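First comes the structure, then the notes that go with it.
The values are calculated or read from the model by the stated rules, or taken from the named source; none is laboratory data. Just so it is clear, the model here is predicted, and its values are computed rather than measured. Counting neighbours? That spans all protein chains shown, and the Cβs are built from the backbone with ideal geometry, glycine included. What goes into the accessible areas is simple: the full protein's heavy atoms, side chains included, and nothing from ligands, DNA or RNA. Shrake-Rupley method; radii C 1.70, N 1.55, O 1.52, S 1.80 Å.
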Amino acid sequence: MKKTSTPVLPARTAPGDGPLLAVDDLHVEFATRQGVVKAVNGVSYSLNPGETLAVLGESGSGKSVTAQAIMGILDMPPARIPRGEIRFRGTDLLRLPEDQRAQVRGQRISMIFQDALSALNPVFTVGWQISEMFRVHRGMSRRDATKKAIELMDRVRIPAARQRVNDYPHQFSGGMRQRIMIAMAIALDPEVLIADEPTTALDVTVQAQIMELLAELQRESNMGLILITHDLGVVADVADKIAVMYGGRIVENALVHDIYRSPAHPYTKGLLDSIPRVDLKGQELYAIKGMPPNLLDMPQGCAFHPRCPYRQDNCVTDAPPLYEIGPTRGSACHYWREVFDDSRR
Ligand SMILES: Nc1ncnc2c1ncn2[C@@H]1O[C@H](COP(=O)(O)OP(=O)(O)OP(=O)(O)O)[C@@H](O)[C@H]1O
Ligand SMILES: [Mg+2]
């Protein structure tokens, strides 16, 4: 009889030759009263230690749902993962027994949430909330855990950490609260950090400081960073590579400097064409004409075809694969060459 082995989580120090994290052909759908919402439709991306991957795309394109699948925090049901793999150091997290999965969550892969500012508990001091990570996961005494909390508050540059450790969340500004969320996310030295729109609620100066902090923490610890964002300026400054999502798929992936110079997908080109080239900073993504696809009833063929200026007849019927157009680039457009040539003019 064939023995199916239970996957085992590799150690932090495992040498491993593949990427740190690899999402492969991931599909996520939700059963709703209206029907099945196909939120993620074959997403693949990978991340190496010390690398920053920016995930970009308009609202509803599946950025957060992909992140929630990686974290293993989707409610199933209504969510279902009919296909795909999420390999962490070579082990498929989707096949990992729940007790081992729990050891990954928050400890080896951790996340700063899109609504971080409301994620802090108003009735506990920030010191208590940070130190809880060490009490629960590391079995530390209250005293030692508080010491670690102060160290972390220092590390995320909260002034006068020792004096402020017993303050409550409402006594901190939005930017400081976000730093506290970051402190909690990095408390246990994660190998992968997912930051889901970590700066949307903050003003521009504070946004820049938070991004700088994340970049610095990443350099110190060599963790892989997945940065979900709408802000093209942020992407240009901090990311190594980029994955552009549309309708629950990656439509283009590339190294950051390649994509800015010459996008190879009409959607990416639309995003870049619509912003002033001289100053990318702080610009929100422009809404391209037309509506995002209906995830309850995805169009046949390419999901972008109803909005695409490059559309040909076969785009309506044949869904393009992610064409490999270079060693580090892919575009899910049958006519990527035309788009690419146009964008280089
Ligand atoms: N629990 C759920 N039940 C049903 N549909 C859901 C659920 N969670 C997410 N979705 C749908 O999945 C799609 C993708 O959502 P997701 O949150 O990943 O978008 P996003 O790209 O992160 O957008 P935003 O930029 O607005 O955060 C959306 O259409 C959303 O409505
Ligand atoms: Mg989101």
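Listing for the model above:
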read-out	value
Residue in the stretch 180-193 that is farthest from ligand 2 (Cβ to nearest atom), counting only those that are open to solvent by less than 20 Å² (accessible area, probe 1.4 Å) and out of contact with any Leu (no Cβ under 8 Å at 6 or more places or on another chain)	LEU188
Residue in the stretch 139-146 that is at pLDDT 90 or above and within 16 Å of ligand 2 (Cβ to nearest atom) present	no
Matching residues, the stretch 148-166, being closer than 14 Å to MET181 by Cβ and open to solvent by less than 60 Å² (accessible area, probe 1.4 Å)	ALA149, LEU152, MET153, VAL156, ILE158
VAL37 open to solvent by 20 Å² or more (accessible area, probe 1.4 Å), outside the structural domain of PRO292 (by TED's automatic domain parsing) and within 15 Å of ligand 1 (Cβ to nearest atom)	yes
Residue match in the stretch 185-196 (condition: away from ligand 1 (no atom under 16 Å from the Cβ), within 13 Å of THR125 (Cα to Cα) and of a type in the set (A, V, I, L, M))	no
Conditions (1) among the hydroxyl-bearing types (Ser, Thr, Tyr); (2) within 16 Å of ligand 2 (Cβ to nearest atom); (3) open to solvent by 10 Å² or more (accessible area, probe 1.4 Å); (4) more than 23 Å from ALA102 (Cβ to Cβ): number failed by SER44	(2)
Complete set of residues in the stretch 229-271 that are open to solvent by 30 Å² or more (accessible area, probe 1.4 Å), closer than 26 Å to VAL28 by Cβ and in a strand (DSSP E or B)	LYS241, ARG249, ASN253
Unique match (being open to solvent by 30 Å² or more (accessible area, probe 1.4 Å), at pLDDT below 95 and either farther than 28 Å from ALA208 by Cβ or not in a loop (DSSP other than H, G, I, E, B) (or both)) among PRO293, PRO309, PRO276	PRO309
Count of the stretch 212-240 residues which are of a type in the set (Val, Ile, Thr) and more than 16 Å from ligand 1 (Cβ to nearest atom)	1
From the options ILE86, ILE73, residue that is within 16 Å of ligand 1 (Cβ to nearest atom), over 21 Å from HIS137 (Cα atoms) and at pLDDT 90 or above	ILE86
Residue within the stretch 4-22 that is touching a residue at least 24 places away in the same chain (Cβ under 8 Å), under 17 Å from the mean Cα position of the chain (by Cα), open to solvent by less than 30 Å² (accessible area, probe 1.4 Å) and within 14 Å of ligand 1 (Cβ to nearest atom) present	no
Selection count, the stretch 6-47, where residues are among the polar types (S, T, N, Q) and assigned to a strand (DSSP E or B)	4
Qualifying position, being of a type outside the set (Lys, Arg) and away from ligand 2 (no atom under 16 Å from the Cβ), among HIS230, HIS170	HIS170
Hey, SER110 away from ligand 2 (no atom under 16 Å from the Cβ), small (Gly, Ala, Ser) and open to solvent by less than 20 Å² (accessible area, probe 1.4 Å) or not	yes
Condition check for CYS333: open to solvent by less than 60 Å² (accessible area, probe 1.4 Å) and in a loop (DSSP other than H, G, I, E, B)	yes
Candidate set from the stretch 48-98 (those that are without any contact (Cβ under 8 Å) to a residue 60 or more places away in the chain and in a strand (DSSP E or B)); member that is surrounded by the most Cβ atoms within 10 Å (Cβ to Cβ)	ALA79
